[in-house]
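Since every read-out is calculated from the coordinates, none of them should be taken as a lab result. From a predicted model like this one, the values you see are computed outputs, not experimental measurements. All Cβ positions, glycine included, derive from the backbone under ideal geometry; neighbour counts span all protein chains shown.
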Amino acid sequence: VLFFDASTSSPGTITDWSYDFGDGGTSSLQNSTHTYSANGTYAVCLTIVTSDSCTSTYCDTIVVNCLQQSTCDAFFQYTLGACPTVLFFDASTSSPGTITDWSYDFGDGGTSSLQNSTHTYTANGTYVACLTIVTSDSCTSTYCDTIQISCIAGIDDLNLLNLIVMPNPAQNEISLQLENASTVNYKIIMYNGKVVATGTRHSDTNHTFDISEFAKGAYFLEIEIDGTRHSAKFMKY
């Protein structure tokens, strides 16, 4: 935006100009230009000071609507390093804005803000790992995937648990059959990482979950038994 001073003063002369562009930007030039980084309505003010200390301020609104808003999609790929270390590679896309922030949640309490990251798991299990990105113009997107770890020495907890979710896909409810399980903590997580249900179940091999009010899409049912997480993906239609 180009700004042209049209202030007047008599008999003193104007000696100072101070623009406030309404987005944190300022200028002390008599005639100035400013580039906005986001669409919006801004209150722009010009303050002048004269040689005999007269001061005056004028404000007007500037509407910026010419900037194209970004579309962005978070995505990552992963590969096992020296197990149980997992390598995460960012494959997110954004246009026209650039990605400025990456936030990994590895599903076991661990996090990272690196674009490409590594994480070492401490227990066997299936984890829901999520990546959230933010662009320079505030577009946000989250992508989640399951990571299975079964290489840690000791009793393989995965062999103690037979995880069956049915039907899949489902419309109104899903059933989970567990063997050798007592207390079960569970979460139901949307594909974008949002937790939509949590709870605890006790001493039962068959558990039913009402999903009739859920939006259509992909979900993860994550359960924790004796400190080990397991998850299964299901679709709501």
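Here are a few things to note about the model shown:
- Spatial extent of segment 69-154: Rg and Dmax, with the Cα atoms as the point set, Å: 13.8, 51
- In this structure the amide hydrogen of Thr71, modeled in the peptide plane, comes within under 5 Å of the amide hydrogens of Ser95, Gly97, none closer than 5 places in sequence on its chain.
- Using the Cβ-Cβ distance between Thr100 and Ala6 with R0 set to 25 Å, the FRET efficiency from 1/(1 + (r/R0)^6) comes to roughly 0.05.
- In this label model, Thr57 and Met235 are separated by 5.9 nm, measuring between points 7 Å along each Cα→Cβ vector.
- Residue-by-residue Karplus 3J(HN,Hα) for segment 56-72, coefficients 6.51, -1.76, 1.60, Hz, glycine and proline x: 8, 10, 10, 10, 8, 9, 10, 9, 10, 9, 9, 8, 6, 6, 5, 10, 9
- Values of log10 I(q)/I(0) for the chain across q = 0.13 Å⁻¹ run -0.85, by the Debye formula with one identical scatterer at each alpha carbon and no solvent.
- At R0 = 35 Å, FRET efficiency that the Cβ-Cβ distance of Ser37 and Phe89 yields, to 0.05: 0.75
- Ordering Phe21, His34, Ser113 by the projection of their Cα atoms onto the charge dipole of the chain, which places +1 on the Cβ of Lys and Arg and -1 on the Cβ of Asp and Glu, puts Ser113 at the extreme positive end.
- Here the 3J(HN,Hα) profile of segment 127-135, calculated from phi with Karplus coefficients 6.51, -1.76 and 1.60 at θ = phi - 60°, is 10, 8, 9, 10, 10, 10, 10, 9, 9 Hz, Gly and Pro shown as x.
- Remark: the Val196-Glu213 segment gains 5.1 nm on full extension, using 0.36 nm per residue and subtracting the alpha carbon distance.
- The charge dipole of the chain, taken about its Cα centre with unit charges on the Cβ atoms of Lys, Arg (+1), Asp and Glu (-1) only, comes to about 460 debye.
- Using 0.36 nm per residue and subtracting the Cα-Cα separation, the extra length available between Met166 and Thr47 on full extension is 36.0 nm.
- Computed Kirkwood radius, in angstrom, where 1/r is averaged over Cα pairs of segment 1-122: 18.9 Å
- Put simply, the amide H of Arg229, placed in the peptide plane, has neighbours under 5 Å in Thr126, leaving out anything fewer than 5 places away on its chain.
- Treating r as the C-beta distance of Tyr78 and Glu224 and R0 as 22 Å, the FRET efficiency rounds to 0.55.
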